[in-house]
Structures are given as C-alpha cells and as structure tokens.
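Following: one structure in structure tokens, then a few remarks.
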Amino acid sequence: MRALNKETAPKKSYPERIIQFGEGNFLRAFVDWIVYNMNQKADFDGSVVVVQPIDKGMVDMLNAQDCLYHVNLQGLDKGKVVNDLTLIDVISRAMNPYSQNEEFMKLADQPEMRFVISNTTEAGIAFDPSCKLTDAPASSYPGKLTQLLYRRFQTFNGDKSKGLHIIPCELIFHNGAKLKEAIYQYIDLWNLGAEFKTWFEEACGVYSTLVDRIVPGFPRKDIAEIKEKLQYDDNLVVQAEIFHLWVIEAPQELSKEFPADKAGLNVLFVPSEAPYHERKVTLLNGPHTVLSPVAFLSGINIVRDACQDEVVGKFIKKVMYDELMETLNLPKDELMEYAGDVLERFNNPFVEHAVTSIMLNSFPKYETRDLPGLKTYLQRKGELPKGLVLGLAAIITYYKGGKRADGAEIAPNDSQEIMDLLTKLWASNDYATVAKGVLAASFIWGEDLNDIPGLTDAIVANLKSIQEKGMVETVKSIL
C-alpha cells in the first residue's frame, strides 16, 4: 500500500486564492470539496491555504500527505444508494500561525488572494480585548483576521481592488454580522484609523451564511476497507453525507467570482439567509425533535427505521408536509424539494442515527424548533396541529422515565431544573397536573403555554391515551 503524497498521487497546482481558517473534517468535506468541484467543472482555478486557528491542530498531518486526502460521500441521491471516494487536491499548503507567524502574515501580501473562509467553532467568533495588534498572532480568530486585513491594506496602499470576500461557516445565526462587529471592535481597540475602516467597509464583504451537511468525520469502522480499496495509506479520509447546502447572504455578482452554481452545486447567493435558516430549523430539526420520543416510545431506536415504519413514518410525513411546511413562506416547490431531501437524509442507509441522541435537551429544542410552527399553524388554520401537539406530549411522557414495554431504559437528559420539575409533576399521577405544570414553566417557554387555546386539554388527552393505549395506537388516532 502506497503512502499518499504528490509523488504517488496526481496533484494539480492552482493559484492560491482562498485563506481558510480551520483544518477540521467539516471544512475539508464541505468547502474544500466544493472548491474541488468548481476547479473541475467551472474553471475556478484556485487553491486553498489552510491556517490552523488554534495552537494545537492537524496541519502537520495534512502536510505529511502534501494536503491530499479523500472524501467518502455516502447516502441516497434521488433514491439511488451512493458510496464513492474522491481525491481532494485543492489545499496547496497548511500552516500554524503560532509557529509560522511571518509566513501567515505574508498571505496578506499575495495579490491574487480573494477569499477568507472559516469554521472556528461557534466559540471562534468572539472579541477578546486582551489581544494586541503586535501579538504573533492574536489569540482570537477575528483578531488574526484583523491583523491580516490591516497588513493587506498597508501592503497595497489602500487599493480597493485588493479587498477580500469573507465567508464564515460557523454554526451561528448571522455569523457574518457577528464577525464584522468583532473586526470593528479591533479596529477601534487598536486605533487602526478611519482610512483603514473605510477600506474595510468599501473593499471587503463579510457575508452571513447557512451551511448544511452531516460530516461524521474519520471512518474508524471502515478505514481498513477504504484503504484497501484506495491502495493508499490515507489517514485523513473524511466521511460525509451526499446532501450539501451553502446559503450565502451576498450580492449575486459574487457568484461570478465563486462559480459554485456553474459546477452544479447547491450553493445559493441570496438577499437574506433568514428564510433558509427558518426552513432548516423547521423542516429538518423540527421533525427530528418530535419523531424521536414518538419513535422511541413506539419501540424504534434508529431514525431510518422510524421513517420506514408503517405508522411512525406516516406521523413524520404528517408533521413535515401537513403541519410545519404550512407555516413557512418560501415557494411551495422549493419547500417540497427540500423536504424530499430531508427524508432521504433521514433514510441514509450508512448512518445509524439513534433517536435517543436527539432527545438530549428536548424541551429547549421544542421551544425553538416546533413551538413557533405550532403557533403559526393555529393562527393560519384556526386549529392546533395534532402531530406537533402529540410530539410535545411524547416528550413529556419520555421525561417520566422508567422502562419501555420491551424493557429498554428510558433515560431523559436535560437541565436539573427541568428534570426536577418533571419528577415532581409525574409524582402527582394526574395528567392535568402534569400538562398544566409543564406548559406553565416560563423558564422553558418564556411564557405560559396554558394560554394557547385548547393546548392544555389536547396535551392531557394525549398523555392519557399514551399511558392507556400505548404510543402506536395514539399515533394511529391522529393519522
């Protein structure tokens, strides 16, 4: 078996056009895979320089393989099972700014650099007032980026054509706005001047994004088989699902410089990412949150099996298509296509997604993912959505604990305050007490849900039915 490097595998040379903060599985299976496809199919002709955002990381492993690695895409594509391997060759080099600071800063001097892309975790976009301009480098990601931008501004004497497009991929809503705010704070803290601030405002763009692809990462279970198939000793293989979506809140003109759409990729340049964020939370996270307790209490342990079950599968579709979809404001055909993609993802034959893993902190999840839909549905239709109501009753039942009919342990996991409340309420052995007590918990909901017309009675009826008839019969009664 051969080592994987540019002596043993083909590696093209492209101009360095992207600075990427982050070397982890997600960026390599998402952004770098997208750049590879743009090079192959849309003449993007660009490579990526990877910068390790923290002192300890994986750049040495990357450089040991000359930054070559394979992406293993697995899943269903329009009903067809896919399991393929692609050699990604777009990372030119990888560096650690803590030990190679001058090399890192020189990236700002390269005239063809055009993009900065990052995924430094949700905690990465934060202003740290202890950072100094003279640090080598600043400890925070926005601090490092401000250092780089200021160096570029100086190198090119404020030339507006040398600005950078900055595209954060951190999983926080309005990530671009938060990053921009942190950069402004450093400009003020370090007294970098009005001229630089104007250059940053007029020459650079910082864009909010939504990223969506499940990336399980290094395939420990399958790695021996994959290496045998490749005949390469690749220690950086990264597994990901086929589905991908990148929504970038930026002018359409940006697609001319970043031609992902021409490569047939699911990358959208839109005036606002908010409706797409709402669509994902509502049609992917929303069904997940309610299918999990319903499936588990019906004796089902895996999301895929829940989708394929005759009764629970119909429940999932009812919640998605008949209830949650009715609360969104995007075009119906777009929503239908996305919902179809979500179901294919839930049905991925390569992913064993345990429903209990989704059950962690179910009440706060329901509050952000399903409660807005319940209220909008009631407002638009004049009645409560039966599937979403049953989902909440199923969560309440799951938090009772104990054992399932087949003896499997029911082990709820949430904040101590929520656990204590549910233990106390279920000790009453009275469905009305349980329902009213949960719905009145303003520390969960920010309000008293007993004020929603008909909700208390509906929850009481569902709790009673689940206890007396079982979950499967209760689900059948609303289908």
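The values are calculated or read from the model by the stated rules, or taken from the named source; none is laboratory data. Fair warning: this is a prediction, and the values are worked out from it, not measured in the lab. Here the Cβ positions follow ideal geometry from the backbone for every residue, glycine too, while neighbour counts run over all protein chains shown.
List pairs: first residue in the range 405-420 and without any contact (Cβ under 8 Å) to a residue 24 or more places away in the chain, second residue charged (D, E, K, R) anywhere in the structure, Cβ distance under 7 angstrom, at least six positions apart or on different chains.
Glu409/Lys403
Would it be correct to say that Lys56 is of a type outside the set (Gly, Ala, Ser) and under 26 Å from Ser140 (Cα atoms)?
yes
Checking Ser272 against (1) small (Gly, Ala, Ser); (2) crowded, with 20+ Cβ neighbours inside 10 Å; (3) free of Cβ contacts under 8 Å to residues at least 60 places away in the same chain: exactly one of these is not met. Which one?
So Ser272 meets the others, but not (2).
Look through Ser298, Ser272 and report the one residue that is among the polar types (S, T, N, Q) and within 28 Å of Ala182 (Cα to Cα).
Ser272
Any idea which of Phe346, Phe296 is among the aromatic types (Phe, Trp, Tyr), outside the structural domain of Leu73 (by TED's automatic domain parsing) and more than 29 Å from Ser442 (Cβ to Cβ)?
After applying the criteria, what remains is Phe346.
Here's the yes/no breakdown for (1) under 30 Å from Asn329 (Cα atoms); (2) out of contact with any helix residue (DSSP H, G or I) (no Cβ under 7 Å at 6 or more places or on another chain):
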{"site": "Ser362", "(1), (2)": "yes, no"}
{"site": "Glu367", "(1), (2)": "yes, no"}
{"site": "Tyr377", "(1), (2)": "yes, no"}
{"site": "Thr397", "(1), (2)": "no, no"}
{"site": "Gly401", "(1), (2)": "no, yes"}
{"site": "Glu409", "(1), (2)": "no, yes"}
{"site": "Asp414", "(1), (2)": "no, no"}
{"site": "Ile418", "(1), (2)": "no, no"}
{"site": "Ala435", "(1), (2)": "no, no"}
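Which members of the range 138-190 meet the condition of being of a type outside the set (A, V, I, L, M), closer than 17 Å to Ala250 by Cβ and surrounded by 18 or more Cβ atoms within 10 Å (Cβ to Cβ)?
Matches in the range 138-190: Gly163, His165, Pro168, Cys169, Glu170, Asn175, Gly176, Lys178, Lys180.
Got a sec? Which of Leu324, Leu335, Leu330, Leu297 is modelled with pLDDT of 95 or more and either among the β-branched types (Val, Ile, Thr) or more than 23 Å from Lys476 (Cα to Cα) (or both)?
Going through Leu324, Leu335, Leu330, Leu297 in turn, just one is modelled with pLDDT of 95 or more and either among the β-branched types (Val, Ile, Thr) or more than 23 Å from Lys476 (Cα to Cα) (or both): Leu335.
Return the pair list, or none, for Cβ contacts closer than 6 Å from residues in the range 42-70 that are within 17 Å of Phe218 (Cα to Cα) to residues that are polar (S, T, N, Q) and part of a loop (DSSP other than H, G, I, E, B), at least 6 apart or on different chains.
Here the result reads Val59/Gln52; Val59/Asn96; Gln65/Asn5, each pair linking the range 42-70 to a residue that is polar (S, T, N, Q) and part of a loop (DSSP other than H, G, I, E, B).
Can you tell which of Ala354, Ala432 is more than 26 Å from the chain's Cα centre (by Cα) and either free of Cβ contacts under 8 Å to residues at least 60 places away in the same chain or surrounded by 17 or more Cβ atoms within 10 Å (Cβ to Cβ) (or both)?
One residue alone meets the criteria, Ala432.
Looking only at residues in the range 94-131 that are surrounded by 16 or more Cβ atoms within 10 Å (Cβ to Cβ) and in a helix (DSSP H, G or I), which one is modelled with the lowest pLDDT?
Applying the filter and picking the extreme gives Gly124.
Evaluate the range 297-310: report whether one residue or more is surrounded by fewer than 20 Cβ atoms within 10 Å (Cβ to Cβ) and of a type in the set (Ser, Thr, Tyr).
The answer is no, given that none of the residues of the range 297-310 is surrounded by fewer than 20 Cβ atoms within 10 Å (Cβ to Cβ) and of a type in the set (Ser, Thr, Tyr).
Hey, any hits in the range 236-249 for a residue that's farther than 22 Å from Val342 by Cα, out of contact with any Phe, Trp or Tyr (no Cβ under 9 Å at 6 or more places or on another chain) and assigned by TED's automatic domain parsing to the domain that holds Tyr207?
No: zero hits.
Quick one: which residue in Val59, Val71, Val49 is within 23 Å of Tyr232 (Cα to Cα), surrounded by 14 or more Cβ atoms within 10 Å (Cβ to Cβ) and in contact with a helix residue (DSSP H, G or I) (Cβ under 8 Å, 6 or more places away or on another chain)?
After applying the criteria, what remains is Val71.
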